[in-house]
Amino acid sequence: MTPTDLIQAQLDAYNAHDVEALLALYAADARQYKHPDTLIAAGADALRQRMSARFEASRPRAELLHRIAVGNTVIDHERIHNQTPSGPVVRELIAIYEVDMTLPGAAGGEDGRARENGRIVGARFVFGEEVPA
């Protein structure tokens, strides 16, 4: 699985609202930030709480508009559709993912070589303005 494959699996789990499948793609100590450096979640428990609440509150669906990848960095431009008490809304965002393909515990052993499955170790999000859909 390449870094791009890993991020696509993450997007698929997000759209399926499958918290456990999503968390399986993140390192146990992964961090998410509002760009550039406002921490919004650190570690599996915080990610689980954040995503569970988000999925329940707004039933989001991400539409991939564009993806670029260089090495272990993958950048997605997405449009996020949410349901709110006042009706559907949409916002664009940029997600910058850092993938580590050599994490211990990923398939392939402990020898430092690239693994079959890496993990997302960090994500930074640039949020656009939320507008009625």
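The values are calculated or read from the model by the stated rules, or taken from the named source; none is laboratory data. Nothing here was measured: the structure is a model prediction, and the numbers come from that model. Ideal geometry is used to build each Cβ from the backbone, glycine not excepted, and the neighbour counts take in all protein chains shown. These accessible areas exclude ligands, DNA and RNA; they are computed on the full protein's heavy atoms, side chains included. Shrake-Rupley method; radii C 1.70, N 1.55, O 1.52, S 1.80 Å.
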(request) Go through (1) of a type in the set (A, V, I, L, M, F, W, C); (2) open to solvent by 60 Å² or more (accessible area, probe 1.4 Å); (3) farther than 25 Å from Thr102 by Cα and name the single condition Ala62 misses. (result) (2)
(request) Tally the residues that are at pLDDT 95 or above, outside any helix (DSSP H, G or I) and closer than 19 Å to Gly122 by Cβ, restricting the search to the range 1-21. (result) 0
(request) Would you check which residues across the range 82-102 are open to solvent by 50 Å² or more (accessible area, probe 1.4 Å) and out of contact with any Phe, Trp or Tyr (no Cβ under 9 Å at 6 or more places or on another chain) and list them? (result) Gln83, Pro85, Ser86, Pro88, Glu98, Thr102
(message) I need the full set of residues from the range 48-66 which are farther than 21 Å from His77 by Cα and either of a type in the set (A, V, I, L, M, F, W, C) or touching a residue at least 24 places away in the same chain (Cβ under 8 Å) (or both), in order please.
(response) Arg48, Ser52, Ala53, Ala57
(message) Based on this model, can you work out whether Ala69 counts as open to solvent by 20 Å² or more (accessible area, probe 1.4 Å), modelled with pLDDT under 95 and in a strand (DSSP E or B)?
(response) no
